[in-house]
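Structure record follows, encoded as C-alpha cells.
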Amino acid sequence: MVCSRVQSIRDAYQYPQVGGHGPPWIATSGWGWGVASSIKQPPTIIKQSVKDYIVDPRDNIIIECEAKGNPVPTFSWRRNGKFFNIGKDPRVTMRKRSGTLEIGFRSGGRPEDYEGEYQCFASNDFGGALSNKILLRVSKAPLWPKEVLEPVSVTEGSPLVLPCNPPPGLPPPFTFWMDSGMSPIPQDKRVSMGLNGDLYFSNVLARDAHTDYSCNARFLFTHTIQQKNPFTLKVQTSRKVAESTPTFLSPSGTESSKMVLRDEQLLLECIAAGLPTPTIKWFKKGGDLPGRKVKFENYNKTLKIINVSEEDAGEYVCMANNHLGSIRHSIFVQIKAAPYWLDKPSDLVLAPDENGRLVCRANGNPKPNIQWLINGHPIEGYPPNPNRQVLGDTIIFRSVQIGSSAVYQCNASNQHGYLLANAFVSVLDMPPRMLEIRVLASSTENPHQFFLFKNGQGSGLDGGQYRAYINGTLEIKRARAEDEGTYTCVANSILGTAENQVRLEVKEPTRIVRLPEHQSAVRGSTTRFDCKVKSDPSLTVTVAWMKDDKPLYLGWRKDEESLTIPNVNEGDEGTYTCTVKSEIDQDSASARLTVLDRPDAPMDLDLSDPAARSVRLTWIPGNDHRSPITEFLVQFEEDRWEPGRWQKLSSYPGDLNSVILQLAPFVNYQFRVIAINSVGQSPPSGPSPRYKTSGAAPDAIPRGLRGSGSKKDNMEITWEVRCVNGPNLHYSIWWRRKDSGEEWSNVTTVGSKHVVHNTETYVPYEIKIQARNEFGSGPESNVVIGYSGEDKPSDAPTDLRVSKVDSTKVNIHWKSVNPNTVRGEFKEYRLYYWRESSQVPGLIVNKEKKTKGFYSTMAEPSGILSDLVPYSKYKMFMVVANNHFESSPSNTVEFNTKEGVPDAPRAVRMHSKSLDTISLEWEKPLEPNGILIGYQLKYQRVNGSRLGRPHLETFLPNVTEFTLRLPDRSTRYKFFLSAMTQVGAGEVYAEETPHFTNEAYIDHVDIATQGWFIGLMCAIALIILILLIVCFIKRSRGGKYPVRDKKDLPLDPVDQKDPDGSFDYHSDEDNKPLQGSQTSLDGNVKESDDSLVDYGEGGDGQFNEDGSFIGQYTVKKDKDETEGNESSEATSPVNAIYSLA
C-alpha cells in the first residue's frame, strides 16, 4: 500500500539564518492516527482538562476527559481521592461515549461546593488509563475595599509611590493605571508601574499634579474592571529644585533573594529614585547575562529571562546612577524545578515473543520520585510476572504473550509538582500496516525495522541533518532547497512489509523586509506605516493589518506595502500590526502610533500668599496629550480700564505650576492660564477668583507730555494717563513762557489734556506735570518745551528763477523770507510745478501739479528739480510752509526743457504673411521727447545662445513696418528697434522671432483673396445646382402621362386633361405601387403583367411613342436585364442625370 502527499515548508525562519538554514523539519506519524476497528487496543487519554483548572462561577462546570481504545473505554471519576458517584448527584452528568463531566446549576447549588481534586479513569478489556489530577477552583473577583484617600502632597523633585493593592482574585487580576478620561497614565523612565501594580515616581515634577490617578484591576474570567478611588496629587513647586543621589524604591535594602521554577519566567525589578532620574543597568556576577533569553522592560527597570534553566541561577546586580552618584542591589536567584521529562514512556506494540521496554526518566530539583502503576493501580500490588522486570525508571518485557496487554502509568513527583504519563503495551498478532502519515512519517503495527530513503536512492537516512526515530519519524534539521524530493518509508517485521511515500517541497520564507516604525503624529495630520514583504514567488501572500489585535476594515487607505491613516485623532492611537501570510507560514511586525494634541486647559486655579503687589498663583496642568508642556502663559483681566480684555502678564517654564505674580497697585485682577506644547496652545483655564491690590501714590511720570497749538492763539498740553495706583487720580500741570522770567501758571485736572488760551502766535513755553491720587503725589516731570499755535506766513519767497535748463532737470534759485514771518515752525520751501504743454505739435499732456520741498536757511538758496519730461513747457511757483499753513505764492516762472531721446516704440508685433518672410510692425513712442527723425532697426541671426553678424536698417518717421525674407523656415532672428531724434537713438525694444507653425502662417493670410479658394467655392456651387436639378426631375417623374393597369380603362375623375391634350397624373403617396401590380413577400413592387415594357422594342425595355417617353419608364424584369440595358440607358441625356441621382 503506497500513498503520496506533497508538503511545502520554508527553508528559512522569519529571521535571517547563517548559511541559509531554516528551522528543523520533523516528519512524524499521524495528524492523530485512528485505530482500525479490527485492532484491539488499551485505552489512551487523548483530551483532559488542565491540572490547575479555574472556572467561571456564572457558567456550568465542564471537566474534560476523552479517551480512545478498542473496545470503547468506559469512564469513572475520583474526587479528592475517593470514588465520585455521579449517579447520586442530579447536577452532574457524563457525556455519552466520553468521560467529560458537566455540572449544571439551573436548579440551584453553589459552584464552590464542587471545588476539589478530580481524576478520570478510562478502562476496557485490555487495561485502564488515568488522567492528571485536576484541581478545580472557582474564579473570584472580590470588590475593592472601601477607603477614603486623602490628597497626596509632595514637594517637587521628591520620589513618590502610589500604592495599588488590588483585591486578591483567582486568578490574580491584571492591574493598570488610568485617569478619569480612561486614558493610560503616561509612563517613561521617570514614572512607571512596578510588578506589584504600584505607580512609582523617581522624582515628581509640577506637571504630575493631577486629581485622577486611579489604579484599575481587570479580572479575566468575569471580564470586569474594578477601579480604585482616585488619588489627588498636589505638587509644591519652586524655581529651583534640589538634585539628589539615587536610592532604591523597590526592592529595599542592599540585597534580596528570588526563587523561580525551571522553564518559567524570571522577573527581577529595580526602581530607583533620584534627580536627575537615575539610569538602571544590570549585570550578573561571575558571568554574562544570557543574551538570547534576557529582555529588559519597563525602561530597563525590569530584567526578564524566559524559560529559565539551572545555569541561570546566581547573583544578579542592578545599579542605579546619575551624575551625583550610584547605588547597587544584589538579587540571589535560585532555580528549582518541578519534574520534567528526560525520556517519556511511549506506547509499545509488540508481536508475541518479542521483547521491549518502557523507560520513564525525569529530572527535577529536588530529584523526583518515580512510581509505576498498572491500569491505575500501584505495580507493587500485582503478583510477580516472569516476563516483566522493574528496574527503577525502566520496565523490561521479555517474550511477551498474547493477553498481557495493559496500560502502564509512570508518576514522577517532587515538592514542586508531578508528571503522569500513560503508555500501553499492546501485544497483537498482525503483519505491519501503515497508518496515517504527516510528511515522511510511518506508524506501524508490529514494527520490527524501518528504512528511510530519498528519491528512491541511497542508504537509509540517518545522521547529519537527518535524524530517524525509533517509531519511524524522520526529522530534517534546518531544511534547505536541496532537501526537496520524494521520501520513502519502509517498515519490516517478522509478519510482513509495508511502505509509503511523501513529496517534500521547500519554499523561501515569507518575511517583512521593511518594518513599520513607531510614530508620533499630530492630531489631524496624515501618517503612514510601511510593510514591505518578500516571499516565495510561487506562494500567494495576503497582507492584513490589525490595530490593538483587532482587524482593520473600511475607512483606511491600505495598499500592498503601507497603511495610511488620514486625519489622525485620539481613537487612532494604538499598536498597529502588519501580518503577512502564505499557505505555509507567516510573519508579522508591529509599531505604535502616538497621537499628539494640544494640551487640555489647566484646572483648579488657586491664589495664595497675598502681598501688596504680588500673589502666588497655583494650578493643576491638564493632560499634555503625550507632548510635554513647554510653557505656561498667565493672562490677566481688570475691570476698571478695559474690562473683558485679557492681556499677557507673564510666561513661565512648563515644569512650574506655582508662581508669584508681580502686580500693579490698585487693580482688581483675575487670572487665567494657557498651557503650550509643541502642537499648540490649550484652551484658557477658567478664571481665578478676583484679587485687588492695595493703593499707593503714583510711582511714575506720565508719558507723552507735549505742547502744541490747535489755533494761532492757544496751546494744547497733552499726556498719557498711566499709573493709577489709587483712587481720585488727577494731574498738576505748570507752564510759562520760555526765557521770560514769569511765574509758573498752574492748573489741576483729571483729564489727559489742558488748553492754554490767549497766547501769542508760535511762542515757546516751558511745561511740566505731576500725577497725584489719594495716597500722595508722584514724581515731577522734567521741563518740556512746547509752542503755541501757528498762523499763515506773512511773506512769500521772491525772485524765483531758473538756470542750466537740461532735457530732464533744471536749477532753481530764489530769495528766502525772514524767519520771523513764517509765524510757526519752518517746514520747507515748497515748489509747485506742472507740465503746461509739449513742444511736439499735437501731443496732449497731463497738467497735474507736483510738489517738491527744499529745506534751506540761506539768504539766497538754490536747488535742482529733476525727473522732467524733455522737449516740454513747464510752469512753477514757490511758497514757504510751516506745519499748518503756506504763504502766498511767489512769482510764476516758465521754461522749456531741451530735446531728448525718445521712449521705445509702442505696440511692436511680429507676424508672418508667408512661409519665408517675417514682418515687424510698430507704433510711435508714447513720449517722443522731441521731433522724430526716424527709426533704427538692428537684427542678428540667432543660433542657440550665439548671435550672428548684426544688420542695421534705418527708416523715415512715417515708416512703421519692416519685412525680412528668411533663408529657411527654421531661421530665427533677434530684433533691436529704437526711435531717433536729433539727440540720438532712444530706448531699445528687443524681441526674438517665435517658432512659427504652418497654422500660424495661415492665420495671417486672407484666404478670401486666394485663387484656389475662389475656384473651390465655384465648384461647390455647381455641384449644389446639379443636385437641385436631379431632385426636381425625381419629383416630377411620370410627368404628363398616367400609366394604368389596363390602357382601355376609363380615366379616373381625378385625372384632368390639360389644354394640350396631355393628362396630369396625381398620386396620393409618393411610393404607391401602380394599380394591378403585385407586391412581393419582401414588400417590393413587381412589374405589372401589362406594363409599358411589353410594348418596348428589343431588350432595351424602352417605349417610344412620340419621343417624349424615351427613358421615362425603364422597368427591368430581372438583374440580368438591368445589367444588359446599362449601355442603352446611358444614351439618353435624362438617364445620365438619373445616374447621377
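Hey, which of the strands (runs of 3 or more DSSP E) in region 153-261, taking only ones fully inside, have at least 3 residues that are crowded, with 19+ Cβ neighbours inside 10 Å and of a type in the set (G, A, S)?
Values: elements: 160-162, 174-178, 191-193, 199-201, 214-219, 224-227, 233-236, 244-250, 255-261.
Once the strands (runs of 3 or more DSSP E) in region 153-261 are filtered for at least 3 residues that are crowded, with 19+ Cβ neighbours inside 10 Å and of a type in the set (G, A, S), nothing remains.
So how many residues does region 740-753 have that are closer than 17 Å to R703 by Cα and open to solvent by less than 40 Å² (accessible area, probe 1.4 Å)? Total satisfying the criteria: 2.
Do we have G116 as buried (at least 16 other Cβ atoms within 10 Å of the Cβ) and modelled with pLDDT of 90 or more here? If you could, list the steps in order and put the result at the bottom.
Values: buried (at least 16 other Cβ atoms within 10 Å of the Cβ): no; modelled with pLDDT of 90 or more: yes.
No.
Of all positions in region 895-906, none carries a residue that is hydroxyl-bearing (S, T, Y) and either within 16 Å of L926 (Cβ to Cβ) or out of contact with any strand residue (DSSP E or B) (no Cβ under 7 Å at 6 or more places or on another chain) (or both). Within region 497-510, the residues that satisfy the criterion of being open to solvent by 60 Å² or more (accessible area, probe 1.4 Å) and either in contact with an Asp or Glu (Cβ under 9 Å, 6 or more places away or on another chain) or β-branched (V, I, T) (or both) are T497, R503, E508.
Can you say whether E570 is in contact (Cβ under 8 Å) with a residue 40 or more places away in the chain, acidic (D, E) and more than 19 Å from I676 (Cβ to Cβ), as far as the supplied structure shows? Explain how you work it out, then say what you get.
On the way: in contact (Cβ under 8 Å) with a residue 40 or more places away in the chain: yes; acidic (D, E): yes; more than 19 Å from I676 (Cβ to Cβ): yes.
So E570 passes the test.
The residue that is most open to solvent (accessible area, probe 1.4 Å), among those in region 715-731 that are part of a loop (DSSP other than H, G, I, E, B) and of a type in the set (V, I, T), is V721. Scanning region 780-787 for any residue that is surrounded by 16 or more Cβ atoms within 10 Å (Cβ to Cβ), in a loop (DSSP other than H, G, I, E, B) and touching a Ser or Thr at 6+ places or on another chain (Cβ under 7 Å) turns up nothing.
Suppose we keep only residues that are of a type in the set (G, A, S) and open to solvent by less than 10 Å² (accessible area, probe 1.4 Å) within region 864-884. Which one would you say is farthest from K792 (Cα to Cα)?
Taking region 864-884 and keeping what is of a type in the set (G, A, S), we get 866, 872, 881.
Filter once more, so that each one left must be open to solvent by less than 10 Å² (accessible area, probe 1.4 Å): 872, 881.
Values: S872: 34, A881: 8 Å.
Once the filter is applied, the top-ranked residue is S872.
In summary, A468 fulfils each of the numbered conditions (1) open to solvent by 20 Å² or more (accessible area, probe 1.4 Å); (2) within 30 Å of C578 (Cβ to Cβ) with the single exception of condition (2).
If you filter region 395-409 down to residues that are in a loop (DSSP other than H, G, I, E, B) and without any contact (Cβ under 8 Å) to a residue 40 or more places away in the chain, you find that the one that is nearest to I379 (Cα to Cα) is S404.
Looking at region 314-330 only, could you name the residues that are of a type in the set (A, V, I, L, M) and either open to solvent by less than 40 Å² (accessible area, probe 1.4 Å) or modelled with pLDDT under 90 (or both)?
V317, M319, A320, L324 - these are the residues of region 314-330 that are of a type in the set (A, V, I, L, M) and either open to solvent by less than 40 Å² (accessible area, probe 1.4 Å) or modelled with pLDDT under 90 (or both).
Screening L656 against (1) open to solvent by less than 30 Å² (accessible area, probe 1.4 Å); (2) closer than 30 Å to E573 by Cβ; (3) assigned to a strand (DSSP E or B) leaves a single unmet condition, (3). Among residues of region 984-1034 being open to solvent by 90 Å² or more (accessible area, probe 1.4 Å) and touching a Ser or Thr at 6+ places or on another chain (Cβ under 7 Å), the one that is modelled with the lowest pLDDT is H1004.
Among the residues that make up region 885-904, is at least one of them under 60 Å from the mean Cα position of the chain (by Cα), in contact (Cβ under 8 Å) with a residue 40 or more places away in the chain, surrounded by fewer than 20 Cβ atoms within 10 Å (Cβ to Cβ) and over 23 Å from G824 (Cα atoms)? Yes - at least one qualifying residue is present in region 885-904. Annotation note: of T175, T155, the sole residue that is among the polar types (S, T, N, Q) and either touching a residue at least 60 places away in the same chain (Cβ under 8 Å) or assigned by the TED database to the domain that holds W619 (or both) is T155.
Of all residues in region 677-711, those being part of a strand (DSSP E or B) and in contact (Cβ under 8 Å) with a residue 40 or more places away in the chain number 6.
Report those strands (runs of 3 or more DSSP E) wholly inside region 561-644 carrying at least 3 residues which are surrounded by fewer than 19 Cβ atoms within 10 Å (Cβ to Cβ).
Working: elements: 562-565, 574-581, 586-596, 603-611, 614-620, 629-638.
Fully inside region 561-644 and qualifying: 574-581, 586-596, 603-611, 629-638.
Scanning region 57-109 for residues that are open to solvent by less than 60 Å² (accessible area, probe 1.4 Å) and free of Cβ contacts under 8 Å to residues at least 24 places away in the same chain yields I86, D89, V92, G108, G109.
The values are calculated or read from the model by the stated rules, or taken from the named source; none is laboratory data. Just so it is clear, the model here is predicted, and its values are computed rather than measured. Neighbour counts are summed over all protein chains in view; Cβ atoms, including those assigned to glycine, are modelled from backbone coordinates with ideal geometry. All accessible areas refer to the heavy atoms of the entire protein, side chains included, with ligands and DNA or RNA removed. Shrake-Rupley method; radii C 1.70, N 1.55, O 1.52, S 1.80 Å.
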